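Comments concern the structure below.
Derivation of every value follows stated rules applied to the coordinates shown; laboratory data play no part. Keep in mind the model is a prediction, meaning the values are calculated, not measured. Every residue, glycine as well, gets a Cβ built from its backbone with ideal geometry; the counts of neighbours run over all protein chains shown.
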Amino acid sequence: MSIKNNILLFQRELGAHGCRLVAVTKTHPPEMIMEAYDAGQRIFGENKAQEMTQKWEALPKDIEWHMIGHLQTNKVKYIAPYVSMIHAVDSLKLAEEINKQAARHARVIRCLLQLHIAEEESKFGLNQDELEALLKEAVNLPHIRIKGLMGMATLTSDEKQVEHEFNTIETLFKSLQKESHSQYEMTELSIGMSGDYKIALRHGSTLARIGSAIFGSR
Ligand SMILES: *Cc1c(COP(=O)(O)O)cnc(C)c1O
């Protein structure tokens with residue numbers, strides 16, 4: 001299968017569920033990104049600020065760059081001029097820094113709050129109370145706009161467990177959707193990777209972050 005074919009297949013499969021593809025290109029060279037671009041893909045996900053910035057500089061400017069990985073506050077300044085969405089906001093400190101750097105560029109940066117749903121301790125993210133507290137604070141930051149939630153399920157072959165974790169984030173997402181607020185809109189649910197996107201599609205994913213199933217192993 002070529003990258004082009006993979007892109008077209010994923011766009012069709014996700015699109016049938018109202019979900020968009022974030023093509024995850026971390027570690028892959030610009031030539032591979034261009035193959036996906038030529039197939040019509042415009043949203044690309046990276047997890048390192050420096051790597052993403054180098055690719056942004058080298059590649060067409062109508063690409064939407066999504067920062068999907070854990071982001072250190074001291075790296076925000078590198079991506080603030082161009083980043084389209086930051087998926088893994090997990091502290092007020094980070095939200096404030098994004099707000100500050102976005103203001104310097106007269107931008108409003110779209111952000112997702114990361115909910116901790118996996119079993120492992122090592123995965124980043126907020127618990128439900130922390131997330132709701134951060135949401136309340138973040139509405140006072142005019143240069144970020146909270147667009148939804150992001151989560152990473154446990155890496156396991158136990159589908160029931162993944163199902164349970166995605167159900168947890170979907171339930172919170174839907175309950176937040178009911179509270180209308182002028183400073184945020186809960187429209188994006190970023191769940192699903194190569195190994196679990198089919199389950200994520202059943203739980204309302206609107207942005208699936210898929211790398212290896214398109215570009216091969218890293
Ligand atoms: C690498 C990565 C992905 C994509 O993982 P694949 O298994 O290659 O699809 C998704 N989300 C995040 C946060 C990642 O770092």
*asked:* Given axes a ≥ b ≥ c from the Cα gyration tensor, I'd like to know whether the chain is rounded (a/c under 1.5), prolate (a/b larger than b/c) or oblate.
replied: oblate
_Using Cα-Cα distances under 8 Å and only pairs 6 or more residues apart, what relative contact order does the range 7-122 have, in percent?_
18
*How big is the Kirkwood radius of the range 173-218, worked out from every pair of different alpha carbons and given in Å to one decimal?*
12.0
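Rounded, prolate or oblate: which one fits the range 6-134, using the alpha carbon gyration tensor with axes a ≥ b ≥ c (rounded when a/c is under 1.5, else prolate when a/b beats b/c, else oblate)?
It is oblate, given that a/c is not under 1.5 and a/b is not larger than b/c.
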*In debye to the nearest 20, how big a dipole does the chain give about its Cα centre with +1 on each Lys and Arg Cβ and -1 on each Asp and Glu Cβ?*
720
*Lys pairs in the range 1-103, Cα-Cα under 22 Å, at least 8 apart or on separate chains: how many?*
21
*Net charge of Cβ neighbours under 15 Å - reference H28; Lys, Arg +1; Asp, Glu -1*: +1
*Once you have the Cα-Cα distance between E132 and R202, take 0.36 nm times their residue separation minus that, and quote the gain in nm to one decimal.*
22.8 nm
*Going by the alpha-carbon gyration tensor, a ≥ b ≥ c the square roots of its eigenvalues, is the range 86-152 rounded (a/c under 1.5) or, if a/c is not under 1.5, prolate (a/b greater than b/c) versus oblate?*
prolate
_Relative contact order computed over the chain (Cα-Cα under 8 Å; 6+ residues apart), in percent_ = 19
*Non-local Lys pairs in the range 121-218, i.e. 8 or more apart or on different chains, that have alpha carbons under 26 Å apart*: 15
*State the antiparallel share, in %, of DSSP beta bridges confined to the chain, rounding to the nearest 5.*
0
